[in-house]
1. Could you tell me whether any residue of region 10-22 is at negative phi, in contact (Cβ under 8 Å) with a residue 40 or more places away in the chain, acidic (Asp, Glu) and out of contact with any Ser or Thr (no Cβ under 8 Å at 6 or more places or on another chain)?
2. Checking the conditions here, which among ALA137, ALA158, ALA165 is among the hydrophobic types (A, V, I, L, M, F, W, C) and within 13 Å of ILE239 (Cα to Cα)?
3. Would you point out which residue out of GLY336, GLY348, GLY352 is within 16 Å of the ligand (Cβ to nearest atom), small (Gly, Ala, Ser) and in the same structural domain as VAL394 (by TED's automatic domain parsing)?
4. Between ALA135, ALA115, which is in contact with a Pro (Cβ under 9 Å, 6 or more places away or on another chain) and either part of a strand (DSSP E or B) or within 12 Å of the ligand (Cβ to nearest atom) (or both)?
5. Please state which of the following conditions ALA297 fails to meet, knowing it meets all the rest: (1) in contact with a helix residue (DSSP H, G or I) (Cβ under 7 Å, 6 or more places away or on another chain); (2) buried (at least 17 other Cβ atoms within 10 Å of the Cβ).
6. Can you report the number of residues in region 170-188 which are more than 17 Å from the chain's Cα centre (by Cα) and surrounded by fewer than 19 Cβ atoms within 10 Å (Cβ to Cβ)?
7. Please go through region 58-82 and give me each residue that is of a type in the set (A, V, I, L, M) and exposed (fewer than 14 other Cβ atoms within 10 Å of the Cβ), ordered by number.
8. Confirm whether PHE369 is outside the structural domain of GLY22 (by TED's automatic domain parsing), touching a residue at least 40 places away in the same chain (Cβ under 8 Å) and under 15 Å from the mean Cα position of the chain (by Cα).
Amino acid sequence: MSEPNPVVVVGASLAGLRAVEGVRRAGFKGELVLVGAEEQLPYNRPPLSKDLLTGIIEHDPLELCTAEHLAGLGVTLRLGTPATGLDLDAREIVLDGARLPFGSLLITTGSRPAALPHGGAPPQGVHLLRTVDDALALRDDLLRARDVVVVGAGFVGAEVASSAAKLGARVTVVEAAPAPLTRALGPTIGEVCGRLHELHGVTLRCGTGVAQLEGTPAVTAVRLTDGTRLSADVVVVGIGVRPDTGWLEGSGLDLRDGVVCDETLNAGHPRVWAAGDVASWTNPVYGRRMRLQSWTAAAEQALVAGRNAVAGTPTPCPVVPYFWSDQYGKRLAALGVPGAADEPHVVGDLHGLRFLSLHPDGDRIGMVFALDRPDLIMKFRRLVMTRAPFGDAVELAERLVA
Ligand SMILES: Cc1cc2nc3c(=O)[nH]c(=O)nc-3n(C[C@H](O)[C@H](O)[C@H](O)COP(=O)(O)OP(=O)(O)OC[C@H]3O[C@@H](n4cnc5c(N)ncnc54)[C@H](O)[C@@H]3O)c2cc1C
């Protein structure tokens, strides 16, 4: 298999790396280019809110691969060069003011964090967290901070709160919903996760939002919508992420909540594919479109998309959603997708914060959540994948926890 024009992968992180590996595994011998906005080789983001912040690991161990690995795959690297446009008719991407032709294109540009609405640039000391540079800047500030406010009690916000508390700061987490993680886990489990913060001396303020950031040039306080004023020398905003598709505007690709793809991760043009946080694809396990923002999904999708981009017959990409998070020395993990707002069935010690919760989707198992039981969650993979009867999952959980 060789092409006059290269296979181009845009986005040089986890999905970009796995995509070039998938392309080569499929036997493609032609030119392969990996384009990345960041200067670094592909690196791992999960430690950015965990061990990197607390200083347990330094920069280098984050790397997902070496330059030699990419050279061995015959990958031409174009790092530090964000793509700014896509011309589908000409089959070219716009890069550094020049145009780079492609035979096939893989889009792996991931997502970027949402900012608080604030007229102009936010004051110093207000952080978003996505890149290693973001994490190192935040760590510098946290080491000097007395009062830290984390806006958003999602997984990344909760991990930052946990790390900041470990560094000795006084930490408050502000969450608009009545409890943390309610959208992902429902109110009962969300409240239990909220207790983790409180048990570690972190104040949790739910049901309120940020009205205003005070201080110039550096932040001094956060004014909440309920009128409370929280002193702050560091504010971390963790209110969710948006797919990084700005460079694709006007290209003709369907960009509703990410790059819309079919079951094979094809983006609606015969030569264009997407994978990872940026891809909103029809997951064959559920027969509906979803966009996952998790490590394992990005890795699994990108291998398939890489292969499909160069193989004769594309194959579908079924993924069982899986996410883990480390907070206050405990591992939280979720497998699957919850159904409507049905109450979960808990097996184990809910109040002792060591349990499995089984979340139904009608009469089937939708999702399994594990708090401090990392050893058990993957045992449910087949049941979740086949959307087995809910009772089968309950039986397995009771057998495993007994
Ligand atoms: C702080 C943090 C902690 C996390 N913890 C966990 C965890 O514990 N468990 C878990 O499952 N998941 C976790 N995640 C999520 C996980 O890291 C992501 O799902 C994963 O990184 C997605 O990989 P990706 O390659 O699709 O996107 P990304 O990692 O977002 O990479 C996209 C890359 O594309 C580049 N790019 C963007 N636009 C352009 C452009 N126009 N041109 C060129 N390059 C571009 C970006 O600079 C970036 O390097 C965490 C994420 C963060 C930020």
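1. Yes, some residue in region 10-22 is at negative phi, in contact (Cβ under 8 Å) with a residue 40 or more places away in the chain, acidic (Asp, Glu) and out of contact with any Ser or Thr (no Cβ under 8 Å at 6 or more places or on another chain).
2. Details: ALA137 fails: within 13 Å of ILE239 (Cα to Cα); ALA165 fails: within 13 Å of ILE239 (Cα to Cα).
Step by step, each of ALA137, ALA158, ALA165 is checked, and only ALA158 is among the hydrophobic types (A, V, I, L, M, F, W, C) and within 13 Å of ILE239 (Cα to Cα).
3. Numbers: GLY348 fails: within 16 Å of the ligand (Cβ to nearest atom); GLY352 fails: within 16 Å of the ligand (Cβ to nearest atom).
Of GLY336, GLY348, GLY352, the one residue that is within 16 Å of the ligand (Cβ to nearest atom), small (Gly, Ala, Ser) and in the same structural domain as VAL394 (by TED's automatic domain parsing) is GLY336.
4. Answer to the check: ALA135.
5. Only one criterion in (1) in contact with a helix residue (DSSP H, G or I) (Cβ under 7 Å, 6 or more places away or on another chain); (2) buried (at least 17 other Cβ atoms within 10 Å of the Cβ) is unmet by ALA297, namely (1).
6. 6
7. Selection gives ALA67, ALA71.
8. Numbers: outside the structural domain of GLY22 (by TED's automatic domain parsing): yes; touching a residue at least 40 places away in the same chain (Cβ under 8 Å): yes; under 15 Å from the mean Cα position of the chain (by Cα): no.
So PHE369 does not fit the description; no.
The values are calculated or read from the model by the stated rules, or taken from the named source; none is laboratory data. Because the structure is predicted, anything quoted here is derived from the model rather than measured. We place every Cβ from the backbone using ideal geometry, glycine too, and count neighbours over all the protein chains shown.
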